[in-house]
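Heads up: the structure comes next, in structure tokens.
The values are calculated or read from the model by the stated rules, or taken from the named source; none is laboratory data. Predicted model, so just to flag it, every value in this text is computed and none were measured. Reconstructed Cβ throughout: ideal geometry from the backbone, glycine too, with neighbour counts over all protein chains shown. Just so you know, the surface numbers come from the protein's heavy atoms only, side chains and all, with ligands and any DNA or RNA stripped out. Shrake-Rupley method; radii C 1.70, N 1.55, O 1.52, S 1.80 Å.
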Amino acid sequence: MKSKYTSLLRFETIIIIFILVAFSLTWISWGKLIVTGWDLPSLYKKTTKISNTIMFFAKKDSPHLAYVFYIVPLLSLISGIFLFKMRYRTANLILLLASILGIFVSIYMYIYFITSKMFKLSNAGGGIHLLLLVSSIGLTWSFIYCIRKKKNKDIPLEAISETNDLL
């Protein structure tokens, strides 16, 4: 019987840790302005309040929209909880979803830097690059894990009992 703590010694745990580290690294580096992934919603909220004040009659953005970025680390932590409870298939499905959203967040940030008048792509910090890399690895790992487990379910029970008889 496996311990719940040894169930955390899996490759998925490394992916979860690196997703959290990616949010702790620099995302925007522009002179003295250094923004991590965790600070990104507060920066967006401040700039949205300023732009909504300037454009009084224009369509207003919601300052709470930036909290969508927190879904990626939240889903990875939920995946870690399922790993701790030894529900590996559910943990990998949630990690698959977190990886897909992590790739979308990274690509959104790259597009933001390319289209921004203030920031350039060279202002992108290491957190965005790490999130894209780890999310790609997590997507590949979870997809392979789900396919591999699905193939193992297709083996008939008679074939398993015949191999046990041979041993």
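For segment 117-142, the tally of residues that are open to solvent by 50 Å² or more (accessible area, probe 1.4 Å), touching a residue at least 60 places away in the same chain (Cβ under 8 Å) and among the β-branched types (Val, Ile, Thr) stands at 1.
Does segment 143-163 include one or more residues that are farther than 27 Å from Trp38 by Cα, at pLDDT 75 or above, open to solvent by 50 Å² or more (accessible area, probe 1.4 Å) and in contact with a helix residue (DSSP H, G or I) (Cβ under 8 Å, 6 or more places away or on another chain)? Within segment 143-163, one or more residues are farther than 27 Å from Trp38 by Cα, at pLDDT 75 or above, open to solvent by 50 Å² or more (accessible area, probe 1.4 Å) and in contact with a helix residue (DSSP H, G or I) (Cβ under 8 Å, 6 or more places away or on another chain).
If you check Leu43, Leu9, Leu25, which single one turns out to be farther than 30 Å from Lys85 by Cα and more than 13 Å from the chain's Cα centre (by Cα)? Let's see the steps before the verdict.
Values: Leu9 fails: farther than 30 Å from Lys85 by Cα; Leu25 fails: farther than 30 Å from Lys85 by Cα.
The unique qualifying residue is Leu43.
Here Lys46 passes the criteria (1) modelled with pLDDT under 75; (2) touching a helix residue (DSSP H, G or I) at 6+ places or on another chain (Cβ under 8 Å); (3) assigned to a helix (DSSP H, G or I); (4) charged (D, E, K, R) except the one numbered (2).
Is it the case that Ser24 is modelled with pLDDT of 70 or more, open to solvent by 60 Å² or more (accessible area, probe 1.4 Å), out of contact with any His (no Cβ under 9 Å at 6 or more places or on another chain) and of a type in the set (S, T, N, Q)? Show your work before the answer.
Values: modelled with pLDDT of 70 or more: yes; open to solvent by 60 Å² or more (accessible area, probe 1.4 Å): yes; out of contact with any His (no Cβ under 9 Å at 6 or more places or on another chain): yes; of a type in the set (S, T, N, Q): yes.
So Ser24 passes the test.
Being at pLDDT below 80 and open to solvent by 40 Å² or more (accessible area, probe 1.4 Å), is that true of even one residue in segment 87-98? Looking for residues that are at pLDDT below 80 and open to solvent by 40 Å² or more (accessible area, probe 1.4 Å), one finds none in segment 87-98, hence no.
Out of the residues in segment 101-128 that are polar (S, T, N, Q) and part of a helix (DSSP H, G or I), state the one that is farthest from Ala22 (Cα to Cα). Steps first, answer last, please.
If we filter segment 101-128 for residues that are polar (S, T, N, Q), which is where we start, we get 106, 115-116, 122-123.
Next, only the ones that are part of a helix (DSSP H, G or I) stay: 106, 115, 122-123.
Details: Ser106: 11, Thr115: 23, Ser122: 17, Asn123: 16 Å.
Ranking the candidates gives Thr115 first.
Is it fair to say Ser106 is in contact with a His (Cβ under 9 Å, 6 or more places away or on another chain) and crowded, with 18+ Cβ neighbours inside 10 Å? Criteria met by Ser106.
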